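Notes to accompany the following structure.
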Amino acid sequence: MKQKDGLHGKITTASLLVTLGIVYGDIGTSPLYTFRAIIGSKDISEMLVFGGVSCIFWTLVIQTSVKYVWLTLKADNDGEGGIFSLYSLIKNHGKKIVIPTMIGAAALLADAVFTPSVSVTSAIEGLVKFDGIEQRSVVPVVIIIISLLFFFQRLGTSKVGKAFGPIMMIWLCVLFILGFNQILHYPSVLKAINPYYAYELLVHYPHGFWLLGAVFLCTTGAEALYSDLGHCGKKNIRITWIFVKICIVTNYLGQAAWLLHQGASKLDGRNPIFEIMPDWFLAPGVIIATLAAIVASQALISGSFTLINEAINLNFWQKVTVKQSSELKGQMYIPSINIILWIGCIIVILFFQTSSRMEAAYGLAITVAMLMTTYLLANFLLYILKWNKILVFGLVVIFGIIEISFFIASIVKFKDGGFFSVLIGGLLFVIMYVNYFGRKINNRYTKFVDLGKYASKIIELSNDSSVPKLATHLIYLTKANKREEIEEKIINSIFGKTPKKADIYWFFHINRTNNPYTLTYEVSELIENKVIKITLDIGFRIQPKTELYFIKIMEDMTKNNELNFKLNSFQNLLSLLKGKGNKYNDCIDFRFIVMEKYLSIDNEFSLRNGFILRTYFRLRKFSIKEEDAFGINRSNVLIEQVPLVYQPVKKLGLERKY
């Protein structure tokens, strides 16, 4: 089953406009701060300005256009993009890709804390050009805007999101007109596109190499561009990028032209983008810039929700509440992540106070994410597209040199506040690492048995009139992939001290697929009308609704005469499933059994595994209950606690005293 509710395959004016609003918020607002970050407090010179423009232009060409818009968008996982979609494509082929995936995802989430802060602050700081408020702090205004943005996440963004495309369209046109107007006055700035000026800056300008940390800000939204593939489709992204690139490059050239002819030797805190605005347009310009910054922030927030939802379904994150805020694809809301991002943004704003200080720390984490994407992309090109090894190696070398250079140049940001994004990214990585490997260890110590050996005993229990019936249908959630196997703990549960009698025993196995929106099932009748195994194949972006799936499967099987319920009609079954019995028929009841493990005290651990397991079970205390995660009504579920004995204690050292 493929979910194509996005804009895949559709190339219309509306689809292109929507793509502008969804995809290009981050890259589209980068002219607000990139050039100012390059110039900083340095003396303005032709080598610095032309070199800066040249570096920006070729970064957008090589990194954004070639790597992401052309190459990475080829990694289309049933219409979906992003680092987890890329991981899902290659996880059965690539080598040692789990850790790079975790690092990349953690870095992207860390970036989601900085982007709203720096974008909104940069836009609002345009207000200081007005007389009387030059010395006023914009922090309170920024905090209010950011707080409102996060507050409205719970209400859904589908309606207001329709305005994102027109807002970005207007903003990009403003960027183009402002830049073009300056180029008309000083057309000689066009020669800055020559890569020679980039070479001159990096090699001959004092400490020029370290300016790459600021240059990198022009392409920080490229990772988000790939993540939004599922919302817009590669054709829409590729076509709109032509327009976006023309607009922002024109604006950068316009800023450069103004810098070389404005008559001062230093910027002294001024922002070129607001300086090239006519006085009469300043107020509307600040408003449009702020709206564009909000669009950029919304894109990062929504992308973070999608990223965490995928992480949950791929076992990189503990199960937390995920709410579908509308019927539109990708419109979800995760309260816990919303709070974490909001707190992170507020801390960034209060700590750094100004956008120029935020710029000094911004971008370090995303350089790491890009490096990880390059590694995963190489595996995709080799194992999925079967590209020539020499060609893939050449591309990796080119992108690797560029991104490692950006990373090294950004390392100096660590002491200026980059440590904050590293700290956030590191914490998120630890959470993903513990969840993934904790689950691996947990599963490793799950023992499976042959269900066939217990067939006669199950039939005997089901027909034993001396044992009270627990439910008509007893459904166990199982991790057993093989048709004939079942967990030993489930057998122990059925034949425990209080045997669980039922008319039909169901074993429900949920199999996460590499495709995002698969939703199919298979039925294996292991014992006729007595023991049935269901294997549900479900995409990694779908939130399970297990109870509804079970009812639908029963309906399908009854229609096909695969189940014998001794009922008069199919409609009668439906009424009974919905709990509407009558005086001739008792309500057909069903009960889910969910087995929850806890860490037994009867364990000895190595240092690594002890840390992973203890932290894993502590993190589970913050996750939602298993029945909620699987989509089961609490009235229809029985939770059983099972101890995990990883490595039994061998020597107690206990002696009897005589």
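The values are calculated or read from the model by the stated rules, or taken from the named source; none is laboratory data. Keep in mind that this is a model prediction, so the values were computed, not measured. Heads up, the Cβs are rebuilt from the backbone with ideal geometry, glycines too, and the neighbour counts pull from every protein chain shown. Ligands, DNA and RNA are stripped out before the accessible areas are found, and what is left, the full protein with its side chains, is counted by its heavy atoms. Shrake-Rupley method; radii C 1.70, N 1.55, O 1.52, S 1.80 Å.
Being open to solvent by 60 Å² or more (accessible area, probe 1.4 Å) and assigned to a helix (DSSP H, G or I) is the filter; apply it to region 444-453 and report the residue that is modelled with the highest pLDDT.
Lys453
Six or more apart or on different chains, Cβ under 8 Å: which pairs go from a residue in region 491-513 that's closer than 11 Å to Thr472 by Cα to one that's outside any strand (DSSP E or B) and β-branched (Val, Ile, Thr)? Could you list them?
Correct list of pairs: Lys500/Ile494; Lys501/Val467; Tyr505/Ile458; Tyr505/Ile494.
Out of the residues in region 448-486 meeting the condition of being among the polar types (S, T, N, Q) and more than 43 Å from the chain's Cα centre (by Cα), tell me which one is farthest from Ile532 (Cα to Cα). So that I can check it myself, show each step before the final result.
We begin by selecting, within region 448-486, every residue among the polar types (S, T, N, Q); these are 456, 462-463, 465-466, 472, 478, 481.
Those still in the list that are more than 43 Å from the chain's Cα centre (by Cα) too: 456, 462-463, 465-466.
Values: Ser456: 14, Ser462: 14, Asn463: 17, Ser465: 22, Ser466: 24 Å.
Among those that are among the polar types (S, T, N, Q) and more than 43 Å from the chain's Cα centre (by Cα), it is Ser466.
Determine, yes or no, whether Tyr252 is among the hydroxyl-bearing types (Ser, Thr, Tyr) and open to solvent by less than 10 Å² (accessible area, probe 1.4 Å).
yes
Among (1) on the phi > 0 side of the Ramachandran plot; (2) in a helix (DSSP H, G or I), which single condition is Lys96 missing?
The single condition Lys96 does not satisfy is (2).
Take the conditions farther than 30 Å from Tyr517 by Cα, in a helix (DSSP H, G or I) and modelled with pLDDT of 65 or more and apply them to Arg620. Does it pass?
Spelling it out, it is not the case that Arg620 is farther than 30 Å from Tyr517 by Cα, in a helix (DSSP H, G or I) and modelled with pLDDT of 65 or more.
State which residue is nearest to the chain's Cα centre (by Cα) when the search covers only region 54-93 and only residues that are assigned to a helix (DSSP H, G or I) and among the polar types (S, T, N, Q). Talk me through it step by step, then tell me what you get.
Of the residues in region 54-93, the ones assigned to a helix (DSSP H, G or I) are 54-74, 83-90.
Subsequent filtering for residues that are among the polar types (S, T, N, Q) retains 54, 59, 63-65, 72, 85, 88.
Details: Ser54: 32, Thr59: 25, Gln63: 21, Thr64: 20, Ser65: 22, Thr72: 16, Ser85: 9, Ser88: 13 Å.
Top of the filtered list is Ser85.
Residues checked against (1) open to solvent by 40 Å² or more (accessible area, probe 1.4 Å); (2) aliphatic (A, V, I, L, M); (3) assigned to a helix (DSSP H, G or I):
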site	(1), (2), (3)
Ala360	no, yes, yes
Ala369	no, yes, yes
Thr373	no, no, yes
Leu381	no, yes, yes
Leu385	yes, yes, no
Val392	no, yes, yes
Leu395	no, yes, yes
Phe399	no, no, yes
Glu403	no, no, yes
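Does at least one position in region 220-228 carry a residue that is assigned to a helix (DSSP H, G or I), within 29 Å of Thr19 (Cα to Cα) and modelled with pLDDT of 90 or more?
No, region 220-228 contains no residue that is assigned to a helix (DSSP H, G or I), within 29 Å of Thr19 (Cα to Cα) and modelled with pLDDT of 90 or more.
Mind listing just one residue for me: the one in region 482-503 that is among the small types (Gly, Ala, Ser) and over 15 Å from Ser456 (Cα atoms) and, of those, surrounded by the most Cβ atoms within 10 Å (Cβ to Cβ)?
The selected residue is Ser493.
Would you mind stating whether Phe540 is modelled with pLDDT of 70 or more, over 20 Å from Ile639 (Cβ atoms) and buried (at least 18 other Cβ atoms within 10 Å of the Cβ)?
Spelling it out, Phe540 is indeed modelled with pLDDT of 70 or more, over 20 Å from Ile639 (Cβ atoms) and buried (at least 18 other Cβ atoms within 10 Å of the Cβ).
List the number of the failed condition for Asp586; all other conditions in (1) modelled with pLDDT of 80 or more; (2) more than 35 Å from the chain's Cα centre (by Cα); (3) open to solvent by 100 Å² or more (accessible area, probe 1.4 Å) hold.
Every listed condition holds for Asp586 apart from (1).
Of the residues Ile11, Ile22, only one is part of a loop (DSSP other than H, G, I, E, B) and closer than 26 Å to Ile239 by Cβ; which?
Ile11
Would you check which residues across region 90-108 are open to solvent by less than 40 Å² (accessible area, probe 1.4 Å) and over 12 Å from Tyr375 (Cα atoms) and list them?
Met102, Ala105, Ala106, Ala107, Leu108
Restricting the search to region 405-419, which residues are open to solvent by 10 Å² or more (accessible area, probe 1.4 Å) and under 14 Å from Val368 (Cβ atoms)?
Those that are open to solvent by 10 Å² or more (accessible area, probe 1.4 Å) and under 14 Å from Val368 (Cβ atoms): Ser405, Phe407, Ile408, Ile411, Lys413, Phe414, Phe419.
Here are Leu423, Leu428: which of them is open to solvent by less than 50 Å² (accessible area, probe 1.4 Å), of a type in the set (A, V, I, L, M) and assigned to a helix (DSSP H, G or I)?
Values: Leu423 fails: open to solvent by less than 50 Å² (accessible area, probe 1.4 Å).
Going through Leu423, Leu428 in turn, just one is open to solvent by less than 50 Å² (accessible area, probe 1.4 Å), of a type in the set (A, V, I, L, M) and assigned to a helix (DSSP H, G or I): Leu428.
Name every residue in region 182-194 that is outside any loop (DSSP other than H, G, I, E, B) and either of a type in the set (Ser, Thr, Tyr) or open to solvent by less than 70 Å² (accessible area, probe 1.4 Å) (or both), in order of residue number.
Gln182, Ile183, Ser188, Val189, Ala192, Ile193
So Ala311 passes all but one of these: (1) part of a helix (DSSP H, G or I); (2) out of contact with any Ser or Thr (no Cβ under 8 Å at 6 or more places or on another chain); (3) open to solvent by 10 Å² or more (accessible area, probe 1.4 Å). Which condition number does it fail?
(3)
Just the residues that are within 18 Å of the chain's Cα centre (by Cα) and over 12 Å from Ala110 (Cα atoms), please, taken from region 352-374.
Met370, Leu371, Met372, Thr373, Thr374
Consider Thr446 against the criteria (1) closer than 30 Å to Ile99 by Cβ; (2) free of Cβ contacts under 8 Å to residues at least 40 places away in the same chain: it satisfies all of them except one. Which criterion is unmet?
(2)
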